[in-house]
Amino acid sequence: MQTIIPPPFDKTMIGSSCYALLKYFHHPAWIRLVDGRYVWVNQSFLNFFKVKLEQVIDKRNEDFLSPEIAEKSSATEQEVIEKRCSVTFHFEREDCRATVHKTPIFSDNNEIIAVAAVMVDLTQELELETQLACAKDFYEILLTNMGEALFFINKNNEFEIVNKRGQEALKDLGFKGPLNFKSWDSFFSERYGTDGKKYTEDMKIIPRAWKGEVILNEEVCVERKKGCKITFLASAIPFRSKTDNSIHGIILTVTDITKEKELLNNLAQKTKLIEQRNQELNQFAYSAAHDLRDPLRSISLLASFIEEKLKKQDYEEVEFLLQKLLNTAAYGGSLVKNLLDYSAANREIKMETVCLHDVVDHTINTLSNLIEQAEGKIIFNNLPTVLGNDQQLQIVFQNIISNAIRYKGDAPLSVSISAEQENSLWVISVQDNGSGISEEFKEEIFLPFKRLKANVHSRSSGLGLSICRRIIEQHGGKIWLDTLADRGACFKFTLKGVPKK
């Protein structure tokens, strides 16, 4: 095996090599004598300081540099000469940053004859740092003030970033941490749900995102406290590496849309109510014209009969015809009054504290003759005080009790009025012992001019229960027929209780 013998070490070879390297080095390099005069600079030096070679060689710092830089350069080179070793300096201004490496050059007598230096220009690095700091400030302001709650979940399932809105949302929900998926999942698993159903594992957003699914604006319902739910729009996007496309984290954004959902639900209810009102209005206009025409036609016909009898001086049936005419006129008057009541039930009413006991008592006095004829009794006790309009509520009780009289069975009339509290509402029940109402008519009976066949010789306008519904709805409640009643008809409606002070 041939042995390779290296050439003898020659300092001049090293010097020539270093000189050639520094000459084409892309950072400024120079050599200055101990008296401060430049004896050599490379092209990068001339480009950086924007000078020509003749302006530098055999010149000193103060000849072409600013006083600040010249003073700094001379001081650092003096330190190199005093320490007799290489020294690294850092230089920075608002528009410039650099690192300067300086080393002494010794003569054969071990005396320092010059200082060689290389400056690494870090100005571009400074610009990048400034841009990065600006970008950081921008995104920090953006994340802090954005309306959505934002979370970033890292590979360890820890919540690495939570913006201000996210912290507020978690605090509002009662979440106390720690901020990792385990505690998050444990906390929300008992609170997720819509329509009373809990989310199954395959419905949870974060685990699905870890599997690569992109989830956008999915509606999530969270129970904040018993009986109080919040609705969110949640988006979960996998954060992938550009190199291998692996998932490094999950970006989760959450927007509270509870108020919007409530507004939409209220709008849908109002739209449905308007459609219902339009339908009723069309039916009301047709039925009102038809029902008003009948008594007017009867009155006209009876008047003609009476006129003919009087002309013939046949008084035998005149009294009967007059009584029939009066009854028809009374019915027409009653119909007009009910039409006015129906119209009034659509107007704004003044709400005040109303004692239902007094309202029912007054209603019984008004209907005393009819109740006596029906051999009836009205049973009521412990009725509450509610928010409402006493005159309007009297019309409700009057119509329901009048219906009970009109449709009573063979037995003497019995009507029981009671109340039961449900949260802030009172549920009022009016139960009679009549023949009852078939379940198939439970919606139809509340429509205008809908009549069931009465068991007594009386005529109904068909507006009573329609007026009741309008009045109760004006009070912010609802009215319905309880089809589970054992006997007779049982009407129930809700009224707002008086708030406690």
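The values are calculated or read from the model by the stated rules, or taken from the named source; none is laboratory data. As the structure is a computational prediction, the values presented were derived from the model and not from experiment. A quick note on method: Cβ atoms are made from the backbone with ideal geometry, for glycine too, and the neighbour counts reach across all protein chains shown.
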Suppose we keep only residues that are part of a helix (DSSP H, G or I) and in contact with an Asp or Glu (Cβ under 8 Å, 6 or more places away or on another chain) within segment 369-400. Which one would you say is surrounded by the most Cβ atoms within 10 Å (Cβ to Cβ)?
Ile395
Would it be correct to say that Val56 is in contact (Cβ under 8 Å) with a residue 40 or more places away in the chain and not assigned by TED's automatic domain parsing to the domain that holds Gly166?
no
Within segment 383-423, the residues that are over 19 Å from Arg469 (Cα atoms) and touching a helix residue (DSSP H, G or I) at 6+ places or on another chain (Cβ under 8 Å) are Leu383, Pro384, Thr385, Ile405, Leu413, Val415
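Can you tell me how many residues in segment 229-270 are part of a loop (DSSP other than H, G, I, E, B) and either of a type in the set (Val, Ile, Thr) or touching a residue at least 60 places away in the same chain (Cβ under 8 Å) (or both)?
Looking only at segment 229-270, we keep the residues that are part of a loop (DSSP other than H, G, I, E, B), and these are 241-246, 257.
Now narrow it down to the ones that are either of a type in the set (Val, Ile, Thr) or touching a residue at least 60 places away in the same chain (Cβ under 8 Å) (or both): 243, 257.
Number satisfying all stated conditions: 2.
Could you check segment 72-128 for strands (runs of 3 or more DSSP E) lying wholly inside it with 3 or more residues that are in contact (Cβ under 8 Å) with a residue 40 or more places away in the chain and out of contact with any Cys (no Cβ under 9 Å at 6 or more places or on another chain)? So that I can check it myself, show each step before the final result.
Working: elements: 87-93, 96-106, 112-121.
Strands (runs of 3 or more DSSP E) meeting the threshold: 112-121.
Quick check on segment 455-462. Is at least one of its residues at positive phi, surrounded by 17 or more Cβ atoms within 10 Å (Cβ to Cβ) and modelled with pLDDT under 85?
Yes, that holds for at least one residue.
Being in a strand (DSSP E or B), in the same structural domain as Leu484 (by TED's automatic domain parsing) and either more than 49 Å from the chain's Cα centre (by Cα) or surrounded by fewer than 18 Cβ atoms within 10 Å (Cβ to Cβ) (or both): is that true of Ser435 here? Before you say what the answer is, go through the steps one by one.
Values: in a strand (DSSP E or B): no; in the same structural domain as Leu484 (by TED's automatic domain parsing): yes; either more than 49 Å from the chain's Cα centre (by Cα) or surrounded by fewer than 18 Cβ atoms within 10 Å (Cβ to Cβ) (or both): yes.
Criteria not met by Ser435.
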